[in-house]
Ligand code: ADP
Ligand code: MG
């Protein structure tokens with residue numbers, strides 16, 4: 001579903017990604033972890049072409065991001081993205097947040113968009129809040145709306161960038177529950193998160209990044225089960241967060 005091939009990226013003279021390669025298969029849940037500043041957000045943003053890269057290539061569902069003529073906005077519309085800070089439109093109701101991109105980007109009729117959006121809202125357990133504005137919802141509820149909004153676009157893959165790290169602790173569980181449900185339904189997911197409970201429960205693979213490089217890319221069982229085989233940086237990281 002996603003092939004990241006030898007991707008390198010620089011911000012000016014600073015190399016933020018160095019020769020990153022991995023493949024995420026359909027239905028796979030991959031957790032990306034690593035210290036702050038290691039390039040996790042940058043890597044995940046390159047996947048939906050929100051960040052350009054200077055070397056390598058990324059292929060999403062058979063379409064190369066670098067091939068001439070690739071319709072990036074179209075491709076991006078099929079890749080769901082959920083950020084740390086929800087990024088809902090504050091001046092739009094929950095329902096309008098759910099429908100606007102479906103109407104403007106996918107060309108759906110307002111009725112179709114609403115039907116689809118409200119179905120996804122129901123899926124995250126927030127039907128009762130459809131007419132509210134985001135500011136009236138808790139952080140956990142806003143993040144669930146953001147997930148419902150992404151799902152309304154019928155994504156082929158969902159990318160998460162630390163979706164729970166801006167939440168009060170008591171709200172983390174409700175967002176993780178939605179992510180677990182998605183994973184169990186077979187959604188292809190790439191999740192930057194330090195929630196190792198989530199990683200242990202539902203991920204198939206764990207990628208560990210350090211200083212712009214993919215240092216570890218292995219099955220979950222291997223990552224958590226065989227501490228001695230881990231790179232010193234990964235061992236150090238795990239010791240701090242587990
Ligand atoms: P992570 O998500 O793992 O914390 P990021 O991908 O956000 O890491 O950032 C990786 C490195 O790139 C950091 O050193 C950060 O300061 C730097 N960086 C991120 N965005 C920019 C930018 N727009 N311009 C310059 N440097 C950046
Ligand atoms: Mg980040």
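The values are calculated or read from the model by the stated rules, or taken from the named source; none is laboratory data. Fair warning: this is a prediction, and the values are worked out from it, not measured in the lab. Cβ coordinates were reconstructed from backbone atoms using ideal geometry, including for glycine residues, and neighbour counts include every protein chain displayed.
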Some residue of region 155-170 being without any contact (Cβ under 8 Å) to a residue 40 or more places away in the chain, part of a helix (DSSP H, G or I) and more than 16 Å from ligand 1 (Cβ to nearest atom): yes
Residue in region 72-79 that is touching a residue at least 24 places away in the same chain (Cβ under 8 Å), within 16 Å of ligand 1 (Cβ to nearest atom), assigned to a loop (DSSP other than H, G, I, E, B) and surrounded by fewer than 18 Cβ atoms within 10 Å (Cβ to Cβ) present: no
Residue among 17, 50 that alone is within 16 Å of ligand 2 (Cβ to nearest atom) and either within 22 Å of residue 74 (Cβ to Cβ) or modelled with pLDDT under 95 (or both): 50
Residue count for region 2-28, restricted to those that are buried (at least 16 other Cβ atoms within 10 Å of the Cβ) and closer than 26 Å to residue 186 by Cβ: 8
Close pairs from region 33-59: first more than 11 Å from residue 210 (Cβ to Cβ), partner assigned to a helix (DSSP H, G or I) and within 14 Å of ligand 2 (Cβ to nearest atom), Cβ under 7 Å, at least 6 apart: 51/42; 51/45; 53/46; 58/46; 58/47
Out of 66, 46, sole residue that is more than 15 Å from ligand 1 (Cβ to nearest atom) and either over 27 Å from residue 195 (Cβ atoms) or not in a loop (DSSP other than H, G, I, E, B) (or both): 66
Criterion (exposed (fewer than 15 other Cβ atoms within 10 Å of the Cβ) and more than 22 Å from residue 100 (Cβ to Cβ)) met by exactly one of 131, 236: 236
Failed condition for residue 59, given (1) surrounded by 15 or more Cβ atoms within 10 Å (Cβ to Cβ); (2) more than 10 Å from ligand 1 (Cβ to nearest atom); (3) part of a loop (DSSP other than H, G, I, E, B): (3)
